[in-house]
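Novice: Next up is a structure, given as structure tokens.
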2 protein chains.
Amino acid sequence: MTITLPQKAVTDDLSALLHGAGLRVTAQRLAVLLALESRRHADADEIFDAVRPTLPGTSVQAVYGVLNALHSAGLVRRIEPAGSTARYERRIDDNHHHLVCERCGRVEDVDCVVGAAPCLTPSDSSGFEIHSAEITFWGLCNECQHFRG
Amino acid sequence: MTITLPQKAVTDDLSALLHGAGLRVTAQRLAVLLALESRRHADADEIFDAVRPTLPGTSVQAVYGVLNALHSAGLVRRIEPAGSTARYERRIDDNHHHLVCERCGRVEDVDCVVGAAPCLTPSDSSGFEIHSAEITFWGLCNECQHFRG
DNA sequence: GCATTGTTTTGAATAATTCAAAAACAACGC
DNA sequence: GCGTTGTTTTTGAATTATTCAAAACAATGC
């Protein structure tokens, strides 16, 4: 029986993830993936801030590069709600959607919509070959509802 | 019986539209609205190009200003698909959705989705007060389907 | 017509993201 | 273990959509 430090175990998982996707395992990529584990809908800047303490010397450009690589490999999902910068998330396997606050930009997950399946089929696709459907709900988050004049 | 030039009639309609929304009627606003009549999902730059010939001296900033005013007044809808600049459209009364080409960024309208109504209700809204739902279908347009390797 | 208030122009700034070249590094075979 | 090769990161700069601010101007109500 081998005893592994929890931290190490997580990093091993992430290494395997990268490896499995045909990507080289680098400290920056592991750090970005780790940062995404504990954050939902993080943007490049948040991730940069999260990575910096443990991996000083990392550049913002590297973070963008890593995120682009992870996205191309299908390991992270990128959403760009109107008015926000690009946000990244690790939940890629399920087909969940997003609630975005019109006032503060906060993003929350919606696990499913009622009658989800039919939503993925438009009635007339104008010759498009459809790959995915993205649903964004706009409104006011809990906090911002109290700020109205 | 009065005979009105068609061009003039359209402009009168647009003037009434602006007036009804409590906005001042200016040449730039009429020109932008007119440009939007014949264009679907136009961005600020396209509109600027469309306005310039008939109204030289108009600045890009003015176009942005007009579009923001029209949007705030609810006269135009603004969509910002990931990877594109903001696009504007006059169809605001209906609740239609969009097809966006992942390759060339082309945007098409989808009149309705099968089972449209249920789509507007998420199962768990996390305390959000929901105002609207936006559906974007991602895929390849007719043209871009032939460019695949 | 004239004053008021809102809009447009002019000119400059902002901020997210990407580009490019050179240095650093990971993966692989030996 | 060690060099080679191709990829990734750093460093430094560019791009581009959009907004900001002050001054000139124009629409509306009287």
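Novice: So A:Thr26 fits all but one of (1) open to solvent by 40 Å² or more (accessible area, probe 1.4 Å); (2) at pLDDT below 95; what number is the exception?
Specialist: Evaluating A:Thr26 over (1) open to solvent by 40 Å² or more (accessible area, probe 1.4 Å); (2) at pLDDT below 95 leaves (2) as the failure.
Novice: Follow-up. Residue pairs, Cβ under 6 Å, 6 or more apart or interchain, first in segment A:20-46 and touching a residue at least 24 places away in the same chain (Cβ under 8 Å), second within 9 Å of DNA strand C (Cβ to nearest atom) and part of a loop (DSSP other than H, G, I, E, B). List them.
Specialist: Final answer for the pair search is A:Asp43/A:Thr85.
Novice: Continuing with the same structure: Give me a count of the residues in segment B:29-78 that are open to solvent by less than 20 Å² (accessible area, probe 1.4 Å) and within 22 Å of B:Leu99 (Cβ to Cβ).
Specialist: 6
Novice: Same structure, new question: Restricting attention to segment B:46-78, and to residues there that are in contact with a Phe, Trp or Tyr (Cβ under 7 Å, 6 or more places away or on another chain) and within 9 Å of DNA strand C (Cβ to nearest atom), which single residue is farthest from the other protein chains (Cβ to nearest Cβ)?
Specialist: The selected residue is B:Val60.
Novice: Among what's in segment A:79-94 and is under 18 Å from B:Trp138 (Cα atoms) and at the interface with chain B (Cβ under 9 Å from one of its Cβ atoms), pick the residue that is nearest to DNA strand D (Cβ to nearest atom).
Specialist: Among residues in segment A:79-94 that are under 18 Å from B:Trp138 (Cα atoms) and at the interface with chain B (Cβ under 9 Å from one of its Cβ atoms), the one nearest to DNA strand D (Cβ to nearest atom) is A:Ala82.
Novice: Of all residues in segment B:87-124, count the ones that are on the phi > 0 side of the Ramachandran plot and either modelled with pLDDT of 90 or more or open to solvent by less than 20 Å² (accessible area, probe 1.4 Å) (or both).
Specialist: Residues flagged as on the phi > 0 side of the Ramachandran plot and either modelled with pLDDT of 90 or more or open to solvent by less than 20 Å² (accessible area, probe 1.4 Å) (or both) within segment B:87-124 amount to 1.
Novice: Answer yes or no: is there a residue in segment A:9-18 that is open to solvent by 40 Å² or more (accessible area, probe 1.4 Å), farther than 28 Å from A:Arg103 by Cβ and near DNA strand C (Cβ under 10 Å from one of its atoms).
Specialist: No, segment A:9-18 contains no residue that is open to solvent by 40 Å² or more (accessible area, probe 1.4 Å), farther than 28 Å from A:Arg103 by Cβ and near DNA strand C (Cβ under 10 Å from one of its atoms).
The values are calculated or read from the model by the stated rules, or taken from the named source; none is laboratory data. For clarity, every value in this text was computed on a predicted model and none was experimentally measured. Ideal geometry is used to build each Cβ from the backbone, glycine not excepted, and the neighbour counts take in all protein chains shown. To get the accessible areas, we keep the full protein, side chains included, count just its heavy atoms, and leave off ligands, DNA and RNA. Shrake-Rupley method; radii C 1.70, N 1.55, O 1.52, S 1.80 Å.
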